[in-house]
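J.: Sharing a structure, written as structure tokens. Questions coming.
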Amino acid sequence: MPVTKAEKPERVDQKRIDLSDPSYYINRELSWIAFNQRVLEEAEDPANPLLERLKFLAIFSSNLDEFFMIRVAGLKEQLDAGVVNLAVDEMSAAEQLQAIRERLLPLIAKQSTLLRELLPQLAEAGIVIHSYDKLNSRDRAALEEHFYQTVFPLLTPLAIDSGHPFPQVLNRSLNILFTIQSTDEPDERRAAVLQLPQVLSRFVPLKRKSGYHFVLMEEVIQAHSDALFPGLQVMESYNFRVSRDADIEIAEDEASDLLTEMEEQVRQRRWGAAVRLELDERAPENLRELLMTLLDLANDDVYAVSGPRNISDFMGLTGLDARQLRYPSFSTRILPRFNAEVANPAALFAAIRQQDIIVHHPFDSFSNHVVKFALAAAEDPAVLAIKVTLYRAGRKSPVVDALIKAAQNGKQVTAFVELKARFDEENNIQWARELEKAGVHVVYGIMGLKTHAKIMMVVRKDEDKIRTYVHLSTGNYNQVTARIYTDLGYFTAREDFGSDAINLFNFLTGYSQCKTWRQFAIAPVTLADVLLMLIRRETESHTAENPGEIVAKLNALVDEKIIRALYRASQKGVKIKLLVRGVCCLRPGVPGVSENIEVRSIVGRFLEHSRIAYFKNGGDEEIYLSSADWMPRNLYRRVEVMFPVPEPSAKTQIKHFLNVYWSDTAKSRILKPDGSYEKLGDRIKAKDKKLFSSQQHFLNELRLYSKGAATGGASLDDIQALLFSPSLFAQDQALPSQANAEQKSNHHKNIPLGAKNNAAHS
């Protein structure tokens, strides 16, 4: 079934192909739904532990909330304003909204079905969600006491009539709609709304000798609804939930204080225009129409749901002490050169001077590499200054704590805190105030741009000279997400990297407009041009004797210019392999257009988050890491960094990572030309072959590394032996060992990006 209204073209003469034809592109919103469907499939997979399946179900629900609050809200705004802004596949806003609903209805139904299937299995394992109707008298007595002592004082039922306008229902809050009747006026029914108190857990515990036993808060309230309306009779009650437009728009040129303005906008987010109503499927039509009228919603904005609403709340159950129901725990790796204690920071900086270091999270410890780097800088008397970008630091941040300590120790500390990081605004506002209080120089943002780059630089007075140490990453300085996201970090003391880092922070904090970058490609200035140039170079250098090759790992591929460039490369014969976790608007396998392009998506235990680009470059291979996905917002409306990996051993490691990911058959899905995805494992199972999980492989590497540590460590040759597929890279017969790779010169020849930038702008 095609993703867009356009039909897949037949093979035609390449010279006559118009690459702007909408039939060659997959709609972004529908591609996102396909991604969230893959998340739902993980909830469905019996191979995953029970609580992990429940977690995927909660993530599916949370993802859907954000999709409605941002993407659907944006489409509705376009429609209401009469804006004709066609998607790349030429679907109008109205057509997209209709297609979104058609795609989501069966997925939402499956979500409810899966929850009904999971709850009995969880009950057998000792985690029981009881129905209030089936509780014994002792449980009901205990819940009645809990209701009157704890819950009742927090409840505020709000009448709906001419004298009581419909209340502003909070975004994503769970509510109960009551119909009530007076004994004096039996023919007249009234309505009232009650919001569940958000300060209390939705899961009310029941006393049992073993296991975990709960009853849902809404059921407790509904069972005692007579207490809310004394003298009246409650006739019926139904749960509902509203999603509102949560996109924040600030007129930055008119805001005198960006921090204060952002605080106000975050508060206002709770009251944006309604975009979705989730309603108990048992609710009668008259109540459905009442809510639609009061919320100014159409029939297509209403989603009837069976069972509990707001399944994202069930994420709270996944933290229960039930290890047998979760993925096995693992101990992260600490690279030998980071074994030095923070008390001896000089040794750490000496290790970075000796050789660039790459870390692979979550398998390599975030705390013992990134946090240790920040703490060493804070404590080292030789360190003069620290500068860092903070996009999503989290509620608790050891990196921020290190910056505060550094400021207290007299270091010059600058923190670029992005206040516009969506749904992390409140955390970042808090950190900005804490950092300022500690004496850190805080910069809030650049007008019109989000700063999404992940970089930390440390200026140190070494014995020979003042040197800049740099940490660059594909992921955030967030200790929590570093345990569940796969990301790459790069430590270097290279002079050209340090020079670019200095220029980048001058660009962020002042009016600097650096014209030439020695190694960095910076969005929105040069990154898109550099990417296009790299793809074009691979296309132009491709020959039958020395074929071109591009491998990329991304979260999303949306930008039309990049997609067209990849199409042209494919037409020339360049082999292109893309690992795109989420949205992909490129349509692979189209004859004459993209038949040399393969696209796969991995959704598993960890969220694949690293951005990697490999170019064969005629045999002189180049690898780049970046904070940016290949999307218009990343390339043109954000500050991002892409940088080359010049260190030979690091390049070898990254090629190994890509090879492992491409070898995945357990969690990998193949994107087909019609926009649908097929589980690669289904093909493998049909051939009675064993499935291979990339993420589990990296966990196996950890065990192999730990085992080999006592005997001198495991080489990449040893690790490669765990794979049972050929190398992703055509020229590789086998990956060289770590030891052999590290014997190569640190000064690997790499084309400076400054030269590339100049060529791209010529």
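J.: Check Val220, Val169, Val199, Val215 and return the single one that is of a type outside the set (Ser, Thr, Tyr) and surrounded by fewer than 17 Cβ atoms within 10 Å (Cβ to Cβ).
T.: None of the others qualify; the one that does is Val199.
J.: Given the options Ser706, Ser693, name the one that is out of contact with any helix residue (DSSP H, G or I) (no Cβ under 7 Å at 6 or more places or on another chain), surrounded by 21 or more Cβ atoms within 10 Å (Cβ to Cβ), among the polar types (S, T, N, Q) and over 30 Å from Ser23 (Cβ atoms).
T.: Ser693
J.: Another question, then. Which ranges mark the helices (runs of 4 or more DSSP H) fully within segment 23-85 that have 2 or more residues being of a type in the set (Lys, Arg) and at pLDDT 95 or above?
T.: Helices (runs of 4 or more DSSP H) meeting the threshold: 28-44, 50-66.
J.: Can you find a residue that is at pLDDT below 95 and assigned by TED's automatic domain parsing to the domain that holds Leu277 anywhere in segment 212-224?
T.: Within segment 212-224, none of the residues are at pLDDT below 95 and assigned by TED's automatic domain parsing to the domain that holds Leu277.
J.: Find all pairs meeting these conditions: Cβ atoms under 8 angstrom apart; at least six residues apart or on different chains; first residue within segment 317-335 and more than 13 Å from Glu701 (Cα to Cα) and among the basic types (Lys, Arg); second residue at pLDDT 95 or above and not in a loop (DSSP other than H, G, I, E, B).
T.: Arg326/Leu51; Arg326/Glu52
J.: Name the residue, out of Glu44, Glu90, Glu52, Glu29, that is touching a helix residue (DSSP H, G or I) at 6+ places or on another chain (Cβ under 8 Å) and on the phi > 0 side of the Ramachandran plot.
T.: Selected residue: Glu90, the only one of Glu44, Glu90, Glu52, Glu29 that is touching a helix residue (DSSP H, G or I) at 6+ places or on another chain (Cβ under 8 Å) and on the phi > 0 side of the Ramachandran plot.
J.: A follow-up question, please. Any residue that is at positive phi and not β-branched (Val, Ile, Thr) - is there at least one of those in segment 63-78?
T.: No, because not a single residue in segment 63-78 is at positive phi and not β-branched (Val, Ile, Thr).
Here is a yes/no grid of residues against (1) in contact with a Pro (Cβ under 6 Å, 6 or more places away or on another chain); (2) closer than 20 Å to Asp401 by Cβ:
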residue	(1), (2)
Thr318	no, no
Pro328	no, no
Thr332	no, yes
Arg337	no, no
Pro345	no, yes
Ala351	no, no
Ile357	no, no
Ser367	no, yes
Val371	yes, yes
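The values are calculated or read from the model by the stated rules, or taken from the named source; none is laboratory data. Keep in mind that this is a model prediction, so the values were computed, not measured. Neighbour counts are summed over all protein chains in view; Cβ atoms, including those assigned to glycine, are modelled from backbone coordinates with ideal geometry.
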